[in-house]
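One structure is given here, and the rest of the page talks about it.
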Amino acid sequence: MFTAIKKKYIGDKAFYKRYIMLATPMIIQNAITNFVSFLDNIMVGQLGEEAISAVATVNQLIFVFYLAVFGAAAAAGIYGAQYFGKKDYKGHMYTFRFKLYILAIVVILAVSLFMTKGGDLISLFLTDNTGAREKAMALGMDYLGIMVVGLVPFAINQAYASTIKETGQTIVPMVAGMIAVGTNAVLDYLLIFGIGPFPEMGVRGAALATVIARFIETTVIVAWAHGHRDRNCYLVGAYTGLGLPKEILTKILVKGTPLMLNEILWAAGMSMVTQCYSVRGMNVLTAVSISNTVNNLFNIVFVQLGVCIGIMIGQMLGAGELEEAKDADNKMIAFSVFCCCIMSLIMFACGRLFPQLYNVDADIRRLAAHFISVQAFWMPFAAYTHCAYFTLRSGGKTIVTFLFDSAFLWVVMAPLAFVLAHFSGLPILTVFFLVQGTELLKVIVGYFMVRSNVWVVQMV
């Protein structure tokens with residue numbers, strides 16, 4: 001029995017070498033990005049509770065845009081990985097061109113929304129009727145006004161970086177990301193606090209540093225891609241025409257629309273959950289912001305291992321290696337969950353130390369530490385559902401992933417958060433634990449979906 005289990009869930013050295021070689025640059029890039037985000041959060045945290053709440057609120061809104069961009073790119077990406085696996089480079093080029101078009105639309109809609117309704121959106125999260133709320137609102141509007149400029153380079157970067165990763169090249173996006181986050185970290189320090197000849201800009205300095213870093217990262221990615229066309233065949237003919245074959249466009253829209261909607265609705269749903277927590281006070285919103293920043297540091301392993309599942313399984317399915325794809329998927333999911341059990345223990349042991357770095361009340365630090373412990377407890381469950389999501393997505397089962405991900409969030413998780421936060425007398429920590437615990441239901445659903453092999457489909 002042990003031999004059978006080992007054969008099903010444990011691969012050989014060659015398998016793990018391929019998986020780790022693909023995942024490591026992405027993990028390093030994501031780790032550096034989240035670490036700098038953490039440093040940024042700490043530096044903003046020195047400005048006080050209102051600054052943390054303001055930046056956290058705007059970042060929650062920007063997060064919805066980021067997920068919309070990821071979803072739009074992924075809509076074409078599920079075909080891009082399979083076209084590349086099949087060595088159909090022209091088809092891969094058309095998926096890249098689709099990304100450029102759809103991301104342009106997303107940017108236009110997002111900028112229009114933030115410029116006209118930004119204040120209304122921020123006010124949804126700031127529920128305290130005090131002077132602190134007014135200060136946080138003003139800081140939030142300043143921060144948002146600069147951050148919208150960075151939406152354009154972010155979208156362009158994702159169009160290129162996601163397509164490069166579909167070809168298995170993950171080192172260049174990592175290097176570009178490292179350059180960008182290094183720049184961001186230095187500029188954060190200089191512009192937030194006004195070091196040397198630089199002006200003291202507070203939260204506006206944090207936003208400006210992020211925008212400059214976005215432009216640098218995008219410049220590096222685009223310059224490298226066009227300078228190495230032999231390794232980026234999808235660029236051949238990408239800008240010499242405007243059209244998309246009706247067959248490919250229809251495929252992407254049919255399979256991709258649920259995926260785009262899923263990412264947007266999921267991000268909006270998570271914002272809704274955060275808004276529910278915020279009705280318990282600005283101190284809760286601040287504590288959630290701190291815990292989420294720390295959680296993102298420890299989540300990098302399972303997040304990027306899940307992305308790698310989408311790439312590797314997508315390539316195998318595109319090449320017609322269906323049985324190999326099923327076998328590899330079992331092993332990659334097992335490896336991801338194992339890694340996250342270790343990360344969970346580390347986070348539980350030392351995660352509670354991070355809130356001590358913030359210039360906030362002791363009560364907020366304690367609450368943030370408790371939130372971090374809860375997130376550490378549920379991390380392995382989140383790792384499994386994340387892998388299940390990318391497994392289903394790699395085979396083009398986007399309607400299934402829509403039901404599994406955002407529909408579950410809006411039907412189960414968000415309503416539970418709303419009811420418990422507004423109408424129960426439970427402590428916020430208990431509410432937080434129960435809402436996070438809905439991940440267990442997703443594990444059960446995800447297990448049976450993956451086991452059904454409904455995702456084992458060659459689409460191209």
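Going through Phe432, Phe418, Phe408 one at a time, which residue ends up being among the aromatic types (Phe, Trp, Tyr), in contact (Cβ under 8 Å) with a residue 60 or more places away in the chain and open to solvent by less than 50 Å² (accessible area, probe 1.4 Å)?
On the way: Phe418 fails: open to solvent by less than 50 Å² (accessible area, probe 1.4 Å); Phe408 fails: in contact (Cβ under 8 Å) with a residue 60 or more places away in the chain.
From the options Phe432, Phe418, Phe408, the qualifying one is Phe432.
Does the range 358-375 include one or more residues that are open to solvent by less than 30 Å² (accessible area, probe 1.4 Å) and under 19 Å from the mean Cα position of the chain (by Cα)?
yes
Pairs please, first residue from the range 328-350 and within 13 Å of Cys308 (Cα to Cα), second anywhere and hydroxyl-bearing (Ser, Thr, Tyr) and modelled with pLDDT of 85 or more, Cβ atoms under 7 Å, 6+ apart in sequence or on different chains.
Close Cβ pairs satisfying both conditions: Asp329/Thr391; Ile333/Tyr384.
Out of the residues in the range 1-24 meeting the condition of being outside any helix (DSSP H, G or I) and at pLDDT below 70, tell me which one is surrounded by the fewest Cβ atoms within 10 Å (Cβ to Cβ).
Met1
Ile62 is checked against (1) without any contact (Cβ under 8 Å) to a residue 40 or more places away in the chain; (2) crowded, with 20+ Cβ neighbours inside 10 Å and fails just one. What number does that condition carry?
Going through (1) without any contact (Cβ under 8 Å) to a residue 40 or more places away in the chain; (2) crowded, with 20+ Cβ neighbours inside 10 Å one by one, Ile62 breaks only (1).
Step by step: first the residues of the range 224-252, then only those that are part of a helix (DSSP H, G or I) and without any contact (Cβ under 8 Å) to a residue 60 or more places away in the chain, then the one that is surrounded by the most Cβ atoms within 10 Å (Cβ to Cβ). Which residue is that?
Ranking the candidates gives Trp224 first.
Filtering the range 290-314 down to residues that are surrounded by 24 or more Cβ atoms within 10 Å (Cβ to Cβ) and among the polar types (S, T, N, Q), which residue is modelled with the lowest pLDDT?
For the range 290-314, the residue satisfying everything is Thr293.
For residues in the range 149-190 being among the hydrophobic types (A, V, I, L, M, F, W, C) and touching an Asp or Glu at 6+ places or on another chain (Cβ under 8 Å), which is farthest from Gln82 (Cα to Cα)?
Ala185
Considering the range 174-187 alone, what residues qualify as being buried (at least 23 other Cβ atoms within 10 Å of the Cβ) and not hydrophobic (A, V, I, L, M, F, W, C)?
Gly177, Asn184, listed by residue number.
Just a yes or no: is a residue in the range 43-59 under 13 Å from the mean Cα position of the chain (by Cα) and open to solvent by less than 10 Å² (accessible area, probe 1.4 Å)?
No, the range 43-59 contains no residue that is under 13 Å from the mean Cα position of the chain (by Cα) and open to solvent by less than 10 Å² (accessible area, probe 1.4 Å).
Of (1) modelled with pLDDT of 85 or more; (2) over 24 Å from Ile171 (Cα atoms); (3) open to solvent by 10 Å² or more (accessible area, probe 1.4 Å), Leu322 satisfies all except one. Which?
Among (1) modelled with pLDDT of 85 or more; (2) over 24 Å from Ile171 (Cα atoms); (3) open to solvent by 10 Å² or more (accessible area, probe 1.4 Å), Leu322 violates only (1).
Kindly indicate the residue of the range 85-109 that is in a helix (DSSP H, G or I) and farther than 20 Å from Leu253 by Cβ and also most open to solvent (accessible area, probe 1.4 Å) among those meeting that condition.
Filtering the range 85-109 for residues that are in a helix (DSSP H, G or I) and farther than 20 Å from Leu253 by Cβ, the one most open to solvent (accessible area, probe 1.4 Å) comes out as Tyr89.
Residue under question is Ser112, and the condition is that it be crowded, with 22+ Cβ neighbours inside 10 Å and either touching a Lys or Arg at 6+ places or on another chain (Cβ under 8 Å) or part of a helix (DSSP H, G or I) (or both); does it hold? Full working, then the answer.
Details: crowded, with 22+ Cβ neighbours inside 10 Å: no; either touching a Lys or Arg at 6+ places or on another chain (Cβ under 8 Å) or part of a helix (DSSP H, G or I) (or both): yes.
So Ser112 does not fit the description; no.
Report yes if Ala362 is free of Cβ contacts under 8 Å to residues at least 12 places away in the same chain and more than 22 Å from Cys339 (Cβ to Cβ), otherwise no.
yes
The values are calculated or read from the model by the stated rules, or taken from the named source; none is laboratory data. Just so it is clear, the model here is predicted, and its values are computed rather than measured. Every residue, glycine as well, gets a Cβ built from its backbone with ideal geometry; the counts of neighbours run over all protein chains shown. The protein model used for the area step is the full one, side chains on, heavy atoms only, and it has no ligands, DNA or RNA in it. Shrake-Rupley method; radii C 1.70, N 1.55, O 1.52, S 1.80 Å.
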